[in-house]
Amino acid sequence: MPDPLPSLDRFTGRTVIVTGSSSGIGEAIARAFAAEGANVVINARSRDDCEKVAADLDEARTLVVSGDVADAEFAEEIVNRTVERFGGLDVVCNNAGVGTFGMLTETEIEDIDKVIDINVKGVVYLCRAAIPHLAKSEAPGGGSIVNTSSVSGTGGDWLLPVYNASKGAVTNFTRALALQLGGQGIRVNAVCPSMTRTEMSAGIRDNDDLHEAFKRRIPIGRGGEPEDIAGPVLFLASEHASFVTGANLPVDGGLSASNGQPNMMAYQ
């Protein structure tokens with residue numbers, strides 16, 4: 001008989017770091033882990049924004065560590081403070097990310113560096129700092145890393161060359177690290193969302209014509225909600241995905257299945 005469907009306490013006693021968790025997808029992920037019993041570390045650059053999320057959570061199971069994941073020393077700090085507070089580390093969700101939109105020749109060098117630093121180096125630095133502790137995890141299914149990549153990391157997008165490059169790096173880093181860490185009992189996976197209701201996508205959603213054009217490409221006929229992404233993240237982090245590693249899971253309303261073609265049902 002297969003195991004029963006997971007109860008809502010899959011992560012009781014486990015400790016999870018969620019970067020970029022003061023809003024959007026990261027906030028939804030952090031709240032979902034907390035609802036299933038986890039100790040949750042809230043992280044973003046703004047402490048005030050982190051505190052607003054933490055205020056709704058169980059104080060005994062919540063730690064705020066604000067700072068920039070693109071700083072290698074901070075990556076060590078957030079891991080050390082997590083282990084000091086909760087005694088270990090079981091899951092890392094690398095969710096912090098930024099984007100830049102426009103022609104590459106018109107993109108400022110500072111913006112290019114910011115995207116690469118946060119989206120790529122931030123993931124690499126935190127994984128590097130966390131691996132020794134994740135290897136000690138006694139959670140069913142072992143330690144787990146779940147990265148937030150993007151459908152933009154699996155193909156090209158108009159006017160998003162730097163963001164595409166950064167998410168392509170995350171996608172392939174996920175595969176490579178899974179190969180390296182499988183023998184240590186650490187699984188490494190990623191979710192690849194399409195357009196999701198976050199601050200980053202506000203420029204699209206606030207433009208009715210552009211928003212409708214995006215929705216017509218998605219077979220389900222709508223953009224994602226942060227909670228749509230949180231569920232698959234928790235699955236990948238759980239023992240119910242104990243034989244899943246190196247996967248870049250599309251969570252995109254069917255966009256990748258359509259090969260980028262318009263949803264013809266939208267025209268009927």
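The values are calculated or read from the model by the stated rules, or taken from the named source; none is laboratory data. Being a predicted model, the structure only gives us computed values, none of them experimental. Neighbour counts are summed over all protein chains in view; Cβ atoms, including those assigned to glycine, are modelled from backbone coordinates with ideal geometry.
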Seminar exercise, completed: Every listed condition ((1) within 28 Å of Ile218 (Cβ to Cβ); (2) more than 15 Å from the chain's Cα centre (by Cα)) holds for Ser194 save (2)
Exercise. From the residues in the stretch 66-77 that are closer than 28 Å to Ala241 by Cα and within 17 Å of the chain's Cα centre (by Cα), which one is surrounded by the most Cβ atoms within 10 Å (Cβ to Cβ)?
Worked result: Val69
Seminar exercise, completed: Residues of the stretch 176-196 being more than 24 Å from Ile112 (Cα to Cα) and in contact (Cβ under 8 Å) with a residue 12 or more places away in the chain, in sequence order, are Leu177, Ala178, Leu179, Leu181, Gly182, Gln184, Gly185, Ile186, Arg187, Val188, Asn189
Seminar exercise, completed: Residue count, the stretch 28-65, condition assigned to a loop (DSSP other than H, G, I, E, B), surrounded by 16 or more Cβ atoms within 10 Å (Cβ to Cβ) and over 18 Å from the mean Cα position of the chain (by Cα), comes to 2
Problem set entry | Search result, residues across the stretch 169-186 that are among the β-branched types (Val, Ile, Thr) and closer than 18 Å to Gly142 by Cβ | Thr174, Ile186
Problem set entry | Test for Ile112: is it within 14 Å of Val16 (Cα to Cα) and at pLDDT 95 or above | no
Problem set entry | Residue among Val53, Val40, Val65 that alone is touching a strand residue (DSSP E or B) at 6+ places or on another chain (Cβ under 9 Å) and farther than 18 Å from Ala130 by Cα | Val53
Problem set entry | Answer from Ile17, Ile25 - the residue that is within 24 Å of Ser194 (Cα to Cα), touching a strand residue (DSSP E or B) at 6+ places or on another chain (Cβ under 8 Å) and not in a helix (DSSP H, G or I) | Ile17
For this session: From (1) more than 16 Å from Ile145 (Cβ to Cβ); (2) touching a strand residue (DSSP E or B) at 6+ places or on another chain (Cβ under 8 Å); (3) of a type in the set (Gly, Ala, Ser), pick out the condition that doesn't hold for Ala60.
Result: (2)
Exercise. In the stretch 210-238, which residue that is surrounded by fewer than 17 Cβ atoms within 10 Å (Cβ to Cβ) and under 16 Å from Ala32 (Cα atoms) is modelled with the lowest pLDDT?
Worked result: Glu225
